[in-house]
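Written out below as C-alpha cells is the structure these notes cover.
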Amino acid sequence: MAQSGERTRSEAVRLIKLGKVQVNGLCQRDPAVKVKESDIVTLAGETVGDDALQYYLLHKPSGVLTAARDSRAQTVMDLLPENLSRRKVLPVGRLDKDTTGLLVLTNDGALAHSLLDPKRHVWKRYIATVEGRLTEADVSAFEEGVPLRDFTAQPAKLTILEAADDFSTAEVEVHEGKFHQVKRMFGARGHEVVRLHRASFGPLTIPEGLKEGEHIRLTDEQVQLLRDAINR
Ligand code: URA
C-alpha cells in the first residue's frame, strides 16, 4: 500500500490494523503479510495498486516544467508523492513553465484524452496580466476568434478586470489548449502576457488555501464532475 504512493507506511499499517483493508475479498489485519502481484487489495472498496485509477489536482508554481521527467529541471511530477510515475500518472495537458495554477494529473488515459479533445469544449479559465491597455476591441476580437499564424483560435470569452496604459488584467476562458494558446492570442492583439494563472479547468477550481506546489487527491465527486463535463 505504501509502495503505491498513496499513503505512508505508518498510515498503511494503521489502516490494516483497523481492519479496513481486504486482500482478495478477505479482511487482513496483519501488516506483515506479503501480497503477490496477482492479489487484489482493496481499501474501503477501492482497489489499491498500480492499476487503480488516480486523479490529482496540483497548484502548479512558476518555474516548474509540465513534463513527466527532466534530467535538469524540476517537473510537476517532483511535487507529487513518489512512485506515481510508476503508476503512469501524467499531467492532463500542459502549462508553460512560467504559468501557475490548476493542473490535473491522472493515469486515466481515456478521461485525459477526452478532457483535451477540443470538440468536448471543456473550458479553462485563466487570469492574465498583459502589457498595455485592454479595450472592448480586444473583447470583440476574442469573441470572434483571434487569427494566428497557423490557425484561427476558437471564440473565447475575455473579461477585463483592470485596464491601464502600462498593464491590464483580464479573465479569459478558452476551450482549446494549443501550445502557448493564450499568450499567442494576446500577442496577436499586441499585448504581451507577463503573468498567466489557470484558475479553473472545466468544473474544477483551485481549492481555497491550496498553496502553490501543493496538491489534493480528487474526490469521487470531483472525478464525476470531470466526466460530466466531457459528456455534455
Ligand atoms: N496558454 C498559454 O499560453 N500558456 C499556458 O501555460 C496555458 C495556456
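Of everything in the stretch 48-81, what is basic (Lys, Arg) and not in a loop (DSSP other than H, G, I, E, B)? Give them in sequence order. Full working, then the answer.
Here is the first cut: in the stretch 48-81, the residues basic (Lys, Arg) are 60, 69, 72.
The answer is 60, and nothing else.
If a residue has to be within 16 Å of the ligand (Cβ to nearest atom) and either within 13 Å of the chain's Cα centre (by Cα) or β-branched (Val, Ile, Thr) (or both) to count, how many in the stretch 66-105 make the cut?
Of the residues in that region, 17 qualify.
How many residues does the stretch 113-130 contain that are surrounded by 15 or more Cβ atoms within 10 Å (Cβ to Cβ) and either away from the ligand (no atom under 16 Å from the Cβ) or closer than 15 Å to residue 185 by Cα (or both)?
Adding up the residues that qualify gives 9.
With 225, 210, 196 as the choices, which residue is farther than 18 Å from residue 64 by Cβ and either more than 13 Å from the ligand (Cβ to nearest atom) or under 17 Å from the mean Cα position of the chain (by Cα) (or both)?
On the way: 210 fails: farther than 18 Å from residue 64 by Cβ; 196 fails: farther than 18 Å from residue 64 by Cβ.
Within the list 225, 210, 196, the selection yields 225.
Let me confirm something: among 108, 138, which residue is away from the ligand (no atom under 15 Å from the Cβ), closer than 24 Å to residue 54 by Cα and in contact with a strand residue (DSSP E or B) (Cβ under 8 Å, 6 or more places away or on another chain)?
Numbers: 138 fails: closer than 24 Å to residue 54 by Cα.
Sole residue among the options that is away from the ligand (no atom under 15 Å from the Cβ), closer than 24 Å to residue 54 by Cα and in contact with a strand residue (DSSP E or B) (Cβ under 8 Å, 6 or more places away or on another chain): 108.
Restricting to the stretch 160-180, name every residue that is farther than 10 Å from residue 134 by Cβ and surrounded by fewer than 19 Cβ atoms within 10 Å (Cβ to Cβ).
165, 166, 171, 173, 175, 176, 177, 178, 179, 180 - these are the residues of the stretch 160-180 that are farther than 10 Å from residue 134 by Cβ and surrounded by fewer than 19 Cβ atoms within 10 Å (Cβ to Cβ).
Please work out which residue is nearest to residue 123 (Cα to Cα), limiting yourself to the stretch 153-186 and to residues that are away from the ligand (no atom under 12 Å from the Cβ) and small (Gly, Ala, Ser).
170
Would you mention how many residues in the stretch 182-221 are assigned to a helix (DSSP H, G or I), surrounded by 14 or more Cβ atoms within 10 Å (Cβ to Cβ) and of a type outside the set (A, V, I, L, M)?
Residues of the stretch 182-221 that are assigned to a helix (DSSP H, G or I), as a first pass: 182-188, 220-221.
Retained after the next criterion (residues that are surrounded by 14 or more Cβ atoms within 10 Å (Cβ to Cβ)): 182-188.
Of the ones still in play, those that are also of a type outside the set (A, V, I, L, M) are 183-184, 186-187.
Within the stretch 182-221, residues that are assigned to a helix (DSSP H, G or I), surrounded by 14 or more Cβ atoms within 10 Å (Cβ to Cβ) and of a type outside the set (A, V, I, L, M) number 4.
Readers should treat all values here as calculations from the given coordinates under stated rules, not as data from a laboratory. Given the structure is predicted, the values throughout are model-derived calculations rather than measurements. Cβ atoms come from the backbone with ideal geometry, glycine included; neighbour counts cover every protein chain shown.
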